[in-house]
Amino acid sequence: MNDILISFVLGIVEGLTEFLPISSTAHLRIVEALFGFNLHDSFWKMYTIVIQLGAILALPVYFWRRILTFLATFPRGEHEDRTILTHPLSLTFIAFIVTAGPAYLLKKQIGQNLESLSVMAWALLLGGVVMWIVDVLCRNPRTTDMEEMSLPQAVWIGAIQILSAVFPGTSRSMSTIAAGQTAGLTRAAALEFSFFLSMPTMVVATGYDLLKTIRPRHDAAAEAGLAPLSMTPHNWIVLAIGFVVSFVVALGVVAWFMRWVRDRGFAPFAIYRIVLGIVLLVLIARGVL
C-alpha cells in the first residue's frame, strides 16, 4: 500500500480511537496485521508516536477555556472551596503521579504485552464487560463536576489507569471513565477528568517513547530500531499528513464524545469492545492474525 494512503488510514484510526474507550493501541496493531506492514520499522515506530502527539494536541485546543479558568482560580477554585491538594489541576497531577510510578517500574512487562494481540483481544473483551456492568450499576453519582472531586477519587482513578498501561487493549479512556464512575462521578465528569488526565500522561509517555526511538541506547539499538538520521522530503510529507489527520479527527471525536455522554451511556462502546475482542480471539485461534 502507498505510504501516503497508509498515513491517512493510520491518522484516522489514531484520531478516532485515542479518546474513545476502545483502545488506539489495539486498533493500530490490528491495522498493521491486516495490511501487512511493520510498525516496528524505525520510521513507522517514530510515526506512530508523532500521530499520537497530534491527537494529544486536540485536548488543550478543545479545553483551552476550561484550562485558563482552572489556572486563573488556582488554588482556591471557582467557588473558593478548594485547596492546593483538591484543586482540579492538583488532582490531575496527583492521579498522573499515581499512574506514572508503577507504570515506569513495569515498563518491561508493558513492552512484552505490546507485542501480543492475544493480550489486547482479552483486554478488549474483559474491559468491555466491565465497562458495561459499571455503566449499568453506577446510576447514582454524587460528583457532577471536576470542581467537586476529592483527593481519594483522583487517587483511585490514577491507580486504575495503571491497568491500561500494563495491559494494552484495556484503553486509558475506558479505565479512567469506569474508575470515575465507580468513584461516584457522573459520566460527563468522569469523561472530562479522563481527558485532563490524558494530557500529562500521554505527553510524558509519548515523549519518553520518542526519545527512546530517536536516541536508543547502543545496546538496545538492534531491538528498538533507530529513527532515520536523515529524513527525506517524502518522509516529512507522510509524517505531516499523519499528524494533521490525527489532530483534526481527534478534535472532532472529543467534541462529539463530550456531547454524546451527557444524554447516552457507554454501552455501545462496551458492546463494540466485546464483539471486537471475540473476533480477534477467533482470528488468532485460526492463525489468521
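Could you work out the relative contact order of region 42-159, using alpha carbon pairs under 8 angstrom and six or more residues apart, expressed as a whole percent?
Values: 55 pairs, mean separation 39.0, N = 118.
Relative contact order for region 42-159 comes out at 33 percent.
All other residues whose Cβ lies under 10 angstrom from that of residue 52 are scored, Lys and Arg at +1 and Asp and Glu at -1, for a net of -3.
With axes computed from alpha carbons, what is the tilt in degrees of helix 187-214 against the longest principal axis of the chain, rounded to the nearest 10 within 0 to 90? Tilt relative to the chain: about 30 degrees. In order along region 56-69, the phi-based Karplus estimate (6.51 cos²θ - 1.76 cosθ + 1.60, θ = phi - 60°) of 3J(HN,Hα) comes to 4, 4, 5, 5, x, 5, 5, 9, 4, 5, 5, 5, 4, 5 Hz; Gly and Pro are listed as x.
Between residue 142 and residue 109, what's the calculated FRET efficiency when r is the beta-carbon distance and R0 is 35 Å? Round to 0.05. All intermediate terms of the calculation are to be shown ahead of the outcome.
Working: r = 35 Å, r/R0 = 1.01.
Efficiency at R0 = 35 Å is approximately 0.50.
Each principal axis of the Cα cloud of the chain was taken in turn, and the coordinate range along them, longest first, works out to 54, 41, 34 Å. Per-residue 3J(HN,Hα) values for region 92-105, derived from phi via the Karplus relation 6.51 cos²θ - 1.76 cosθ + 1.60 with θ = phi - 60°, read 4, 5, 5, 4, 4, 4, 4, 6, 5, x, x, 4, 5, 5 Hz in sequence order (x marks Gly and Pro). Between helix 3-17 and the chain there is an angle of about 20 degrees, using the helix long axis and the longest principal axis of the Cα atoms.
Amide H to amide H, with H built 1.01 Å from N, residue 231 comes under 5 Å of no residue 5 or more places away or on another chain. Helix 267-285 sits at what angle to the longest principal axis of the chain, using alpha carbons and giving 0 to 90 degrees rounded to 10? On a 0 to 90 degree scale, this one is about 30.
FYI, it's all coordinate maths here, none of it is from the lab. Note that the coordinates shown come from a computational prediction; the quantities given were computed from them, not determined experimentally. Cβ sites come from the backbone with ideal geometry, for glycine too, and all protein chains shown count toward neighbours.
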